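Participant: Structure incoming, see below.
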Amino acid sequence: MPSLLTTAVGSYPKPDYLMQARNQYRKKRIARAELLALERRATREWIEFQERIGLDILVDGEQYRGDMVEYFAEEWRGFAISGLVRAYGNRYYHKPIIVGKVARQGPTTVEWWKYAQSLTRKPVKGMLTGPYTLMDWSFDEYYGSRRQAALALARVVHAEARDLERAGAEYIQIDEPAASVVPEEIDLLIEAMATVTRGLRAKTISHICYGDFTTIYPRILDLPVAQLDLEMANSNYDLLDVFKSHPYTKEIGLGVVDVHNHRLESIEQVKTGIKHALQQIPPEKIFVDPDCGLKTRTVAEAQAKLELVVRATREVKRELGLR
Amino acid sequence: MITTVVGNYPKIPNLPRPAKLRQAIANVDAGKITRDDLQRTEDQVTREVIAEQIAAGLDLITDGKIRWEDEQTYLARRLRGLRLGGLIRYFDSNTYYRQPICEGAVEWVEPITVCDYEFAAQYSSKPVKPALPGPYTLARLSENKYYPTLDEFVFALADALNQEARALERADATFIQFDEPAILRRKQDWALFEQAMRRLTNGLTAKLALYTYFGDVGGIYPQILALPFAVIGLDFVQGARNWDVIKTAPFTKELGFGIVDARNTKLETRAELRRAFAQIARVVPLDRVYVNPTCGLEFLPRERAQEKLAQLVAAAREFGTRKPRTSAQAEKRNTQHATRKTRKAAKEHERSRK
């Protein structure tokens, strides 16, 4: 059994040339094909980078996505995009609106996954947003109930996961950052995820940024995925204390670098974090990665954080004689 | 029925209307314009959203809280003893606020919202109500590193907010609202809440409203009616259970009837709203009803917020409500008052913001 495999959560920052191209495209100054070529270039560069530093399980970096909910809302039927609403401070975003029955117009992310996988022999994760989060982060003018909306979305996400698996994806990640927002709805979260992962053979993962993880633990262990990917670094690993109240039973994606901070952690900090987790979880069940998607960092910062994840993991393995 | 809003109003419109405030804040951050320039934009946008609320036909409006970064920060940054921490989620929404951190004795130093109120009153032909966060919610959304107990922290905030309300009264505010959504999440704190509300309202003479939202008052009803407020605001969408709860005991206060969903873009039909009015009329006489969205409108895109208000007013008019005297009187008073004080207030406003 391999132990302490390294990976990433999903998004990487877009290089300047791509940011500019996206801007130009929005202003209709460049064609779709031109933007696409640059998205592919950026994807290729990120795959090359991940290979170079020796990451074990790669991601495509989501160079063709804006926001994790808006992307699917734009690609799928049944969604409209609202006017701007404020998230905080001076930050605004277009919140999707469910206006009809949600459906794919054919595979959404599969071509991108195939492209990324064609560039490497390492496994590339399929990356999807979970139905509960898609529902919670959209307005609903059609289904009229949170459950109906989440389950309808779950069927669509399931179809997409199926297609990724058929294309050869060994790992499929279905992110649910909204999981702990309404703890009373955890049954719905679990029910919707069961619809997504039913019958899948690929290894399933769900990334959860815990608002208040204690409100959904240990019940969250019933989420029908093999692995939960959790932020650890930005809360000083205090989740590990939460696990003492009830043993953690799944594989864990162990976030060891804070993605909201420019500052690079010391290698000792990261190694200590990994060793801390090893006291409770066996090494073959730990996947070391950053806390969350890295898209809010600069390219240089993101690369430094990823390299650190790999270096620290290697040193821990060497020190403990792990394979 | 008196048509009103709960508090905040979307700060920026969508194209083709320019997002002036967003641009101005970005320009301040980039050092391209001064704080004074930003304040002029805030004034301008405040006047715009006042005009929009009046155009929608509302009887009682707010200043839209255009200057408020979020429901906590605007007060917290001006109260002694609090500083601002990191961003955290606001209830179960997908919005975030800076968490106030209490590191010393809370003290009200000077009026915080008074010049905003005066500014709004001066530019509004309709009565304006200041809407402040209540002490319990403010405490619950903050981190307390100073007071040994939550009770002491809540009471200190209650006293500070009492001072702010007194200052608003001195500026002739005749209707003051406090928002306490947090109590619906922790009804076990009722005893503390009750005491805090008494301290908060101690000695106040304005008409007072207590608004709750994001849930129902089951478990604290009818006790909530005994609190020293004239108006109790309830959310009948996220707190749909309120329909049953208010039937368990006579609703003896005026009701803030939150029926237009301020958290979803789906536009209520006028027929739906009329049915809701008919239903509520069986529980509370309509001359004791303020009808409004469920909470502040900032969760919605600006245009949809406008449409929802227009729909609310149209439905209320269709329902054939007479305009209660109290509202008309307040309006008259406010208008006269505004005209009289216009010049003075404008000058003071300028000064106080420098």
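Participant: Could you tell me whether segment B:52-65 includes any residue that is within 14 Å of chain A (Cβ to nearest Cβ), part of a loop (DSSP other than H, G, I, E, B) and not hydroxyl-bearing (Ser, Thr, Tyr)?
Facilitator: Yes, segment B:52-65 contains at least one residue that is within 14 Å of chain A (Cβ to nearest Cβ), part of a loop (DSSP other than H, G, I, E, B) and not hydroxyl-bearing (Ser, Thr, Tyr).
Participant: Consider B:Ala305 carefully, then state whether it is within 14 Å of chain A (Cβ to nearest Cβ), modelled with pLDDT of 95 or more and open to solvent by less than 20 Å² (accessible area, probe 1.4 Å).
Facilitator: yes
Participant: If you take the residues of segment B:88-109 that are surrounded by fewer than 16 Cβ atoms within 10 Å (Cβ to Cβ) and more than 15 Å from B:Pro135 (Cβ to Cβ), which of them is modelled with the lowest pLDDT?
Facilitator: B:Ile88
Participant: Here are some residues: A:Tyr64, A:Tyr92. Which one is within 12 Å of chain B (Cβ to nearest Cβ) and either surrounded by 18 or more Cβ atoms within 10 Å (Cβ to Cβ) or acidic (Asp, Glu) (or both)?
Facilitator: A:Tyr92
Participant: Also: Against the condition within 14 Å of another protein chain (Cβ to nearest Cβ), open to solvent by 20 Å² or more (accessible area, probe 1.4 Å) and either more than 22 Å from A:Cys292 (Cα to Cα) or in contact with a Lys or Arg (Cβ under 9 Å, 6 or more places away or on another chain) (or both), how does A:Glu191 come out, does it pass?
Facilitator: no
Participant: Still on this structure: Has segment B:205-218 got at least one residue that is open to solvent by 10 Å² or more (accessible area, probe 1.4 Å), more than 24 Å from B:Lys247 (Cβ to Cβ) and part of a loop (DSSP other than H, G, I, E, B)?
Facilitator: Scanning segment B:205-218 turns up at least one residue that is open to solvent by 10 Å² or more (accessible area, probe 1.4 Å), more than 24 Å from B:Lys247 (Cβ to Cβ) and part of a loop (DSSP other than H, G, I, E, B).
Participant: Can you find a residue in segment A:100-113 that is touching a residue at least 24 places away in the same chain (Cβ under 8 Å), within 11 Å of chain B (Cβ to nearest Cβ), open to solvent by less than 40 Å² (accessible area, probe 1.4 Å) and in contact with a helix residue (DSSP H, G or I) (Cβ under 6 Å, 6 or more places away or on another chain)?
Facilitator: Taking every residue of segment A:100-113 in turn, none turns out to be touching a residue at least 24 places away in the same chain (Cβ under 8 Å), within 11 Å of chain B (Cβ to nearest Cβ), open to solvent by less than 40 Å² (accessible area, probe 1.4 Å) and in contact with a helix residue (DSSP H, G or I) (Cβ under 6 Å, 6 or more places away or on another chain).
Participant: Moving on. Could you please find all residues in segment A:171-229 being small (Gly, Ala, Ser) and outside any strand (DSSP E or B)?
Facilitator: A:Ala178, A:Ala179, A:Ser180, A:Ala192, A:Ala194, A:Gly199, A:Ala202, A:Gly211, A:Ala226
Participant: Within segment A:168-176, does at least one residue satisfy the condition of being within 14 Å of another protein chain (Cβ to nearest Cβ), open to solvent by less than 10 Å² (accessible area, probe 1.4 Å) and either modelled with pLDDT of 95 or more or in contact with a His (Cβ under 9 Å, 6 or more places away or on another chain) (or both)?
Facilitator: Yes, because at least one residue in segment A:168-176 is within 14 Å of another protein chain (Cβ to nearest Cβ), open to solvent by less than 10 Å² (accessible area, probe 1.4 Å) and either modelled with pLDDT of 95 or more or in contact with a His (Cβ under 9 Å, 6 or more places away or on another chain) (or both).
Participant: Would you mention how many residues in segment A:230-279 are outside any helix (DSSP H, G or I), out of contact with any Phe, Trp or Tyr (no Cβ under 8 Å at 6 or more places or on another chain) and open to solvent by less than 10 Å² (accessible area, probe 1.4 Å)?
Facilitator: Residues flagged as outside any helix (DSSP H, G or I), out of contact with any Phe, Trp or Tyr (no Cβ under 8 Å at 6 or more places or on another chain) and open to solvent by less than 10 Å² (accessible area, probe 1.4 Å) within segment A:230-279 amount to 5.
Participant: Right, here's the next one. Could you check B:Arg263 against (1) over 21 Å from the mean Cα position of the chain (by Cα); (2) of a type in the set (Lys, Arg); (3) within 14 Å of another protein chain (Cβ to nearest Cβ) and say which number it fails?
Facilitator: Unmet for B:Arg263, out of (1) over 21 Å from the mean Cα position of the chain (by Cα); (2) of a type in the set (Lys, Arg); (3) within 14 Å of another protein chain (Cβ to nearest Cβ): (1).
Participant: Which residues, taken from segment B:6-33, are at pLDDT 95 or above, of a type in the set (A, V, I, L, M), in a loop (DSSP other than H, G, I, E, B) and within 21 Å of B:Leu297 (Cβ to Cβ)?
Facilitator: The answer is B:Val6, B:Ile12, B:Ala19.
Participant: Another question about this same structure. Quick one: count up the residues across segment B:80-109 that are closer than 28 Å to B:Gln238 by Cα, outside any loop (DSSP other than H, G, I, E, B) and within 14 Å of another protein chain (Cβ to nearest Cβ).
Facilitator: The total comes to 8.
Participant: Could you list, in sequence order, all residues of segment B:240-250 that are part of a loop (DSSP other than H, G, I, E, B) and either surrounded by 21 or more Cβ atoms within 10 Å (Cβ to Cβ) or touching a His at 6+ places or on another chain (Cβ under 6 Å) (or both)?
Facilitator: Matches in segment B:240-250: B:Ile246 only.
Participant: I'm trying to understand the selection: among the residues of segment B:266-296, which are crowded, with 16+ Cβ neighbours inside 10 Å and either within 14 Å of chain A (Cβ to nearest Cβ) or part of a loop (DSSP other than H, G, I, E, B) (or both)?
Facilitator: The answer is B:Lys266, B:Glu268, B:Val284, B:Thr294, B:Cys295, B:Gly296.
The values are calculated or read from the model by the stated rules, or taken from the named source; none is laboratory data. As the structure is a prediction and not an experimental result, all values here were calculated from the model. FYI the Cβ positions are ideal-geometry reconstructions off the backbone, even for glycines, and counts take in every protein chain you see. We work out accessible area using only protein heavy atoms, side chains counted, and drop any ligands, DNA or RNA first. Shrake-Rupley method; radii C 1.70, N 1.55, O 1.52, S 1.80 Å.
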